[in-house]
1. Let's see if you can work this out: charge +1 on each Lys and Arg Cβ, -1 on each Asp and Glu Cβ, no other charges. What is the dipole magnitude of the stretch 1-42 about its Cα centre, in debye to the nearest 20?
2. Could you tell me, in Å, what Rg and Dmax come out for the Cα atoms of the stretch 456-615?
3. Please compute the alpha carbon radius of gyration of the stretch 576-615, then divide it by the globular-protein estimate 2.2 N^0.38 Å. Two decimals is fine.
4. Restricted to Cα positions, what overall size does the stretch 456-519 have along the principal axes? Three whole-Å values, descending.
5. Could you point to the residue in Gly319, Tyr436, Ala293 farthest towards the positive end of the chain's charge dipole, with +1 and -1 charges on the Cβ of Lys/Arg and Asp/Glu respectively?
6. Take the Cα gyration tensor of the stretch 362-460, multiply each eigenvalue by 5, square-root it, and list the three semi-axes largest first, rounded to whole angstrom.
7. Among Phe599, Ser280, Cys2, which residue has its Cα positioned farthest towards the positive end of the charge dipole of the chain, with +1 placed on the Cβ of Lys and Arg, -1 on the Cβ of Asp and Glu, and the dipole taken about the Cα centre?
8. Which of the peptides 331-343, 246-258 is most tightly packed, and how do the rest follow, judged by the mean count of other Cβ atoms within 10 Å per residue?
Amino acid sequence: MCGIVGFAENYHDPSQARRTVHAMAELIRHRGPDGEGLYADARAALGHRRLSIIDLEGGGQPMFNEDGSLVVVFNGEIYNYRELARQLSAAGHRFATHSDTEVLLHGWEQWGQALPGKLRGMFAFVLWDTKAGTIFGARDLFGIKPLYYYQRGELLLFASEIKAFLAHPGFVKRFNEDRLPDYLSMEYLPGNETLFTGVYELLPGHSFIWREGKLSLHRYGKIRYRVRHDRTLDEWAEDIDRAFTGSVAAHIIADVEVGCFLSGGVDSSLTACKAAGQQSRLQCFSVGYAEQAYSELPAARQAAEALGVPCTEATVDAGDFFAANRAIQWYLDEPMPNPAEVPLYFLCKSARQRVKVVLSGEGADELFGGYPLYCQGVHMAAWQRLPRGLRRLLARCAPGCGFLRRGAQSRWQRCARANYVFATPEERDRYLKRRYDSRTPARRFKPYFDKVRGLDEPTALQWVDLHTWLPRDILRKADRMSMAHSLELRVPFLDREVLAVAMELPRPFRCTRRKTKVALRAAAGRSLPPELARRKKRGFPVPLADWLRQDPYYAMVREAFSGAVAERFFDTRALCTLLDDHRAGKVNAMTKIWSFYCFLVWYQLYFVDPQPPKL
């Protein structure tokens, strides 16, 4: 695990390029405090910050092939690297290290652009082929590890985090203001755009090639459902159990100690159970709030006791929550108002005091049908069997009924992720200072739903989440909050062998009208006590709504809502009225208030303050 940076152009001074790439790497030093490696020639410069996990003595980067014509920087872990190394050795390649990084060099020599499709793991890597004059970059199928790029003329910049671009003199920093309405509605931007003009995120399952100033993108892998109906629930449970057990075995490969996050839910409990069965003295870590009504700690303690594992607890109070937000928005690169990122930040901080690697349960909900949203999709699929004309008539007869209104719409129009913060774009626009000529949030999701027209409603929702919500929210906060503390976070549910089983699973074994993760819970029941396997999803409850009514935190937010940044983009009177109404108990506007506030904090950090914060 580490951070990578670099750039390429038709010509630059190598010594100056080395100084620049060093400055870029310094801005993401938190991703790899164990060492730095730099490379620069007259056309390309690559930098690497290392967090030593595998081959502690011999895995330094940038890494070169035998004749030095290939240079690679790599972030992540390749879990099938030993198998690939055996294949490559049999083909005549000679290995100088025991690192998974070296597989990328010889794999490129052997397979070229087909290399990413052979990798089992989480990865983002960039390879410089000096003979061909080619930069090749790739990102894993799920988007677990980040990779951003920026092109201006013949210049290409790339990095694990956008903030690294700030150190390059060719980077023109501009706020992508046209997408502000989308951020406010969705909390993130689906697709490859970011809130920095000209900065793009390489999409999951994609690669790029740069040569002589020209950049081309390619998709090397796709997530496809191939549902089978020839197995019983018990048979599916056995398949899931086998695949996940194998995935955990692969994910605990390390030359340092591996721990596990434990919330008490079925996903983390199953992960901890499988890890404890394969690694002695497994350490688990949990986080909660001082307010017991919102805390996961009682459930985590119950799970730890049932599994027989020690569990280190961290507790977050209101002061911690608000004090950390500035650092959190800096580490995230783009504003993110998901309150769950804050306890995750403190959970990672706690874990890093004891281990360098943790396993976590991200991805189980998207793969196996864990969100109530999917159960609602089962209800909606049944409603869609009625003639569309009748559904529209019923919606007109009862305009106040949300279910009837959504039932008369197309899938993309009723996507709950689109209007996640505000009920409608019109409600959102009341707070904006100017009008934006932008598509509705739902329209942004239409291309995704268009690709899965043949799937049933809940399955289509899962597919869209796998391509939007998962990489742009769930995995982004997991990567940034763990890397903020130099902690490697691994996600064994997001494994290609587990994916293969999940893509064949019939919808009734994923979710029904009332049940979530049906087959996964059956699989968990083979290893976990019934109370853990059946535990309902709790989400991440947070006392933020209560805290925003308390004097010190109300005053902190109101100051931001009345400040210069707010004045530039928003109707500050409307913002303050929203906050005051929330404080008075007239409305619960927590999500809206926190979305505005996180944006203001982020914008101040990246576009107003003259220097990066000292954290």
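1. That gives the stretch 1-42 a dipole magnitude of about 120 debye.
2. Cα radius of gyration and Dmax of the stretch 456-615 are 21.1, 57 Å respectively.
3. 1.53
4. 40, 21, 20
5. The residue sitting farthest along the positive end of the dipole is Tyr436.
6. Result for the stretch 362-460: semi-axes of 24, 20, 13 Å.
7. Positive-end residue among those listed: Phe599.
8. 331-343, 246-258
The values are calculated or read from the model by the stated rules, or taken from the named source; none is laboratory data. All values reported here derive from a predicted model rather than from experimental measurement. With ideal geometry, Cβ positions are generated from the backbone for all residues, glycine too; neighbour counts draw on all protein chains shown. Protein only, heavy atoms only, side chains kept; ligands, DNA and RNA dropped before computing areas. Shrake-Rupley method; radii C 1.70, N 1.55, O 1.52, S 1.80 Å.
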